[in-house]
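Just below is one structure, and these are the notes that go with it.
Computed from the coordinates by the stated procedures, all read-outs in this text should not be read as laboratory data. None of these values were measured; they are calculated from a predicted model. Counting neighbours? That spans all protein chains shown, and the Cβs are built from the backbone with ideal geometry, glycine included.
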Amino acid sequence: MAKTKIPQKVQSALWARAAGHCQYRSCNKDLVGDLISGNEDALFGFLAHIVGDSADGPRGDVIRSPLLAKSLDNLMLLCAVHHKLIDVDGLNDHPEPLLLGMKAEHEARISLLAGIDEDRASHVVRFGSSIGKNEALVSTRAIFAAMPPDHHPASAQTIDLEMTGLAFTDGDPAFWTIQQANLQRNFATRVGGRIERQEVRHLSIFALAPQPLLIELGRLLCDIVPMVVHQRHREPSTWNWQRDHDIIEYQVGEPVPGRRGAVALKLGISATITDDRICPASAPMAQI
């Protein structure tokens, strides 16, 4: 336990730089208020020394400990779990450079987010639909992390257009008709109406669905409002656009001459699309 009484102005500065969240890497727990108890103004954070405030403390040093005991640069705001972890349970796994790195990363991220202008607020549109047998999961946390520094979420709530609990797969003819109608209706009420009322001025689009539905979403969006469309990447797993990658080369193929039937446009960008998945749904797909 710390032996030094930290001045109030230093405590306040640390809470501000941490934005009231745990600074341990990947934790980010909110340390202000408790929804379960209803105690909204309670503080649950711990002020932890990186270099112990005494020579016999965690990472303590005979010379540096007294000098850094009240230094803002030597303090981290932590939740109870990680405070105990760095000082007791995992002391040997948390040397000074590691903790300094965590503190710097957290405070740089808070500074970046807090510095984004208000006019860069963007409403998030989230659309997910099963692709084959794979359920499309669009994580809110991953979405919000991909937006800075150009934009920040205008609201903690995303505008969701997907249909949940649908038992059909994209191999069922009814799948396309139902999903298309659901997408159109959700878009009209949740996006179109809000744009008309000027509640939405910029959109950030995060969609993971079969390509015909993505094309339909693009048709609905058109250029009705400024927007940024984010692409889901597999390697690395992120929604951030990847820069400085090799140029993508596309191969174009055409159907066998003389073949008849409904027309399907096959765009295989992130995976191989076999014809046996297209043919059963070719008629509904030609209508989208």
Between 0 and 90°, nearest 10: helix 211-221 axis offset from the chain longest Cα axis:
80
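Whats the longest run of the chain with zero GluC sites (Glu not before Pro) that are DSSP loop and have at most 14 other Cβ atoms within 10 Å? Could you put the intermediate results ahead of the total?
On the way: sites that count: GLU135, GLU199, GLU249.
Free of exposed loop sites, the longest segment is 1-134.
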Cα gyration tensor category, rounded, prolate or oblate, for region 88-129 with a/c compared to 1.5
oblate
Tell me which trypsin sites (Lys or Arg not before Pro) from region 144-200 have a DSSP coil assignment and no more than 12 other beta carbons within 10 Å of their own.
ARG197
Cα centroid separation - region 1-68 against region 136-187, whole Å:
39
On the formula 1/(1 + (r/R0)^6), with r taken between the Cβ atoms of TYR250 and GLU199 and R0 of 22 Å, the FRET efficiency rounded to 0.05 is 0.05
Added length on full extension, which subtracts the Cα-Cα distance from 0.36 nm per residue, TRP241 to ALA167
23.4 nm
Among trypsin sites (Lys or Arg not before Pro) in region 1-99, those in a DSSP loop whose Cβ has at most 10 other Cβ atoms within 10 Å are LYS5
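Go through region 213-252 and name the trypsin sites (Lys or Arg not before Pro) that are in a DSSP coil and have 10 or fewer other Cβ atoms within 10 Å of their Cβ.
Details: sites: ARG219, ARG232, ARG234, ARG243; in loops: ARG232, ARG234, ARG243.
Passing sites in region 213-252 are ARG234, ARG243.
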Separation between the ILE273 and LYS70 pseudo-spin-labels, each 7 Å from Cα along Cα→Cβ, expressed in nm?
6.7
Send over the Kirkwood Rh of region 98-251, from the inverse of the averaged 1/r over different Cα pairs, rounded to one decimal Å.
17.3
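Kirkwood Rh over Cα pairs of the chain into Stokes-Einstein at 4 °C, 1.567 mPa s: D in µm²/s? Please list the in-between numbers first.
On the way: Rh = 23.0 Å.
Roughly 56 µm²/s, to the nearest whole number.
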Given labels modelled 7 Å from the Cα in the Cβ direction, how far is it in nm from THR189 to ASP56?
6.8
Just how many pairs of Lys in the chain have C-alpha atoms closer than 26 Å, counting pairs that are eight or more places apart or on different chains?
19
For the chain, which cysteines have no disulfide-compatible partner, meaning no other cysteine Cβ under 4.7 Å?
CYS222, CYS279
Expected sort for LEU203, LEU98 with the fewest Cβ neighbours (10 Å cutoff) up front is LEU98, LEU203
State which stretch of the chain is the longest one without any exposed chymotrypsin sites (Phe, Trp or Tyr not before Pro), exposure meaning a DSSP loop state and at most 14 other Cβ atoms within 10 Å.
1-240
Any idea how far the Cα center of region 84-101 sits from the one of region 209-229, in Å?
47
Can you compute the FRET efficiency between ILE178 and LYS3 using 1/(1 + (r/R0)^6), with r the Cβ-Cβ distance and R0 = 45 Å? Round to the nearest 0.05.
0.10
